[in-house]
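**Q** Have a look at this one before I ask anything.
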Amino acid sequence: NLPARVRIHEVGARDGLQNEKATVPTEIKAEFIRRLADAGLTTIEATSFVHPKWVPQLADAEQLFPLVSDLPVALPVLVPNERGLDRALTLGARRVAVFASATESFAKANLNRTVDEALAMFEPVVERAKAGGVHVRGYLSMCFGDPWEGPVPLEQVVRVCRALLAMGCDELSLGDTIGVATPGHVTALLTALNEQQVPTSALGVHFHDTYGQALANTLAALQHGVTTVDASAGGLGGCPYAKSATGNLATEDLVWMLRGLGIDTGVDLGRLTATSAWMAAHLGRPSPSRTVRALSQE
Ligand code: HMG
Ligand code: MG
């Protein structure tokens, strides 16, 4: 019982590039996003309106967003607070994402807040966005393991998910920020969320591939009814405020698996691979994606 179609939420330009040592020129980022759209991706996270000192790689959000906002795709952006929302709305953003944590350690490291203080910070953001007809995604980090706290109790994750939905988030993304999840843990969390009246239709999954489990975890989530999967072109990514976070699940690896399963994504794998190879050349290092490497050698 697998879904007929999966929506890929592409995060390479945001989660990917926020963690690169080199700051990529704004024009290259814009071309990256344009090429991703041309490859058939329909939801492309563009950037973050966060404090530029916290994430210098994305400090050009004001310059970048207008260069891509004409594209006929959804272009969500991260906003941690009302200041971020104001910046995004001024540029005409129609989709925003807040980002909560299931653990206190990461809430502190990433947002300089406790878990509940961060939720309180998001509340007016979500309210104002919804009032303006703007779609809101709620990220939840450290859903499986935390580098400081170890394995994360399911109840902790369920509590914050429910709070984000109660606030008005349209969808949630369950983050395995440091890539420690395994499929059994994914099934256990999705089952716990179901039991606590969190609808699977509102859930996306966001796996980092640190231990090579991202595809297996994705398959477990699909078997549970999830149809939104986050991935990053070429496997770019990580998180600057989570030690031991490596790249996201590579979009190419995901598309290869889904294609083999007969699941439609609308993505042209050839164009996508060419885009990731092009970006890897700009970054001066090969893509970690096995599919990109295999297809580039053909
Ligand atoms: P803070 O230091 O507590 O900020 O940081 P503050 O509220 O005390 O404000 C301090 C100053 O920052 C003020 O300026 C504000 O105006 C300014 P001053 O008066 O001193 O001149 N400021 C801002 N400036 C620009 N844009 C803003 C903004 N907000 C305040 N939006 C803050 C709190 C939330 C700002 C900070 O912690 C921050 O920016 N954090 C962002 C961290 C981040 O982006 N992390 C990566 C994304 S999360 C992720 O990658 C995980 C994910 O992929 C899922 C997964 O894998 O788990 C999503
Ligand atoms: Mg991430």
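**Q** Looking only at residues in region 34-80 that are polar (S, T, N, Q) and within 18 Å of the chain's Cα centre (by Cα), which one is modelled with the lowest pLDDT?
**A** 57
**Q** Which one of these is within 16 Å of ligand 1 (Cβ to nearest atom) and in contact with a helix residue (DSSP H, G or I) (Cβ under 6 Å, 6 or more places away or on another chain): 13, 39?
**A** 13
**Q** Another question about this same structure. Quick check on my filter: what residues within region 279-298 are hydrophobic (A, V, I, L, M, F, W, C) and either buried (at least 18 other Cβ atoms within 10 Å of the Cβ) or within 18 Å of residue 14 (Cβ to Cβ) (or both)?
**A** Those that are hydrophobic (A, V, I, L, M, F, W, C) and either buried (at least 18 other Cβ atoms within 10 Å of the Cβ) or within 18 Å of residue 14 (Cβ to Cβ) (or both): 279, 280, 283, 292, 295.
Yes or no, residue by residue, for (1) under 12 Å from residue 39 (Cβ atoms); (2) among the aromatic types (Phe, Trp, Tyr); (3) modelled with pLDDT of 95 or more:
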| site | (1), (2), (3) |
| --- | --- |
| 233 | yes, no, yes |
| 254 | no, no, yes |
| 264 | no, no, no |
| 267 | yes, no, yes |
| 291 | no, no, yes |
| 298 | no, no, no |
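**Q** I would also like to ask the following. Can you pull out every residue in region 106-122 that is surrounded by 15 or more Cβ atoms within 10 Å (Cβ to Cβ) and not small (Gly, Ala, Ser)?
**A** If the condition is that a residue be surrounded by 15 or more Cβ atoms within 10 Å (Cβ to Cβ) and not small (Gly, Ala, Ser), then 106, 108, 110, 111, 113, 115, 119, 121, 122 are the ones that fit.
**Q** For region 202-219, indicate whether the set of residues that are more than 16 Å from ligand 2 (Cβ to nearest atom), without any contact (Cβ under 8 Å) to a residue 40 or more places away in the chain, over 29 Å from residue 286 (Cα atoms) and within 17 Å of the chain's Cα centre (by Cα) is non-empty.
**A** Looking for residues that are more than 16 Å from ligand 2 (Cβ to nearest atom), without any contact (Cβ under 8 Å) to a residue 40 or more places away in the chain, over 29 Å from residue 286 (Cα atoms) and within 17 Å of the chain's Cα centre (by Cα), one finds at least one in region 202-219, hence yes.
**Q** I'd like to check something: does region 146-167 contain any residue that is touching a strand residue (DSSP E or B) at 6+ places or on another chain (Cβ under 7 Å), within 14 Å of ligand 2 (Cβ to nearest atom) and either part of a strand (DSSP E or B) or at pLDDT 95 or above (or both)?
**A** Scanning region 146-167 turns up no residue that is touching a strand residue (DSSP E or B) at 6+ places or on another chain (Cβ under 7 Å), within 14 Å of ligand 2 (Cβ to nearest atom) and either part of a strand (DSSP E or B) or at pLDDT 95 or above (or both).
**Q** Right, next: List the residue pairs whose Cβ atoms are under 6 Å apart, where the first residue sits in region 136-148 and is hydroxyl-bearing (Ser, Thr, Tyr), the second is within 7 Å of ligand 1 (Cβ to nearest atom) and in a loop (DSSP other than H, G, I, E, B), and the two are 6 or more positions apart or on different chains.
**A** 141/177
The rows are residues; the columns are (1) near ligand 1 (Cβ under 10 Å from one of its atoms); (2) at negative phi; (3) buried (at least 23 other Cβ atoms within 10 Å of the Cβ).
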residue: 143; (1), (2), (3): yes, yes, yes
residue: 153; (1), (2), (3): no, yes, no
residue: 171; (1), (2), (3): no, yes, no
residue: 189; (1), (2), (3): no, yes, yes
residue: 195; (1), (2), (3): no, yes, no
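**Q** With a cut-off of at least 2 residues that are of a type in the set (Asp, Glu) and more than 16 Å from ligand 2 (Cβ to nearest atom), name the helices (runs of 4 or more DSSP H) lying wholly within region 26-98.
**A** Those helices (runs of 4 or more DSSP H) span 26-38, 82-90.
**Q** Mind checking which pairs have a first residue in region 1-26 that is on the phi < 0 side of the Ramachandran plot and among the charged types (D, E, K, R) and a second that is within 13 Å of ligand 1 (Cβ to nearest atom) and part of a loop (DSSP other than H, G, I, E, B), Cβ under 8 Å, 6 or more apart or different chains?
**A** Sorted first by the residue in region 1-26, then by its partner, the pairs are 10/45; 14/45; 15/45; 15/236; 15/237; 15/238; 15/239; 20/236.
**Q** Filter region 1-25 for residues that are part of a helix (DSSP H, G or I) and not polar (S, T, N, Q) and give the result.
**A** Listed by number, the residues that qualify are 12, 13, 14, 15, 16, 17.
**Q** While we're looking at this one, here's another question. Go through region 197-210 and count every residue that is more than 13 Å from residue 229 (Cα to Cα) and surrounded by fewer than 14 Cβ atoms within 10 Å (Cβ to Cβ).
**A** Total satisfying the criteria: 2.
The values are calculated or read from the model by the stated rules, or taken from the named source; none is laboratory data. These figures come from a predicted structure and were not determined experimentally. Note that we place each Cβ from the backbone using ideal geometry, even for glycine, and neighbour counts take in every protein chain shown.
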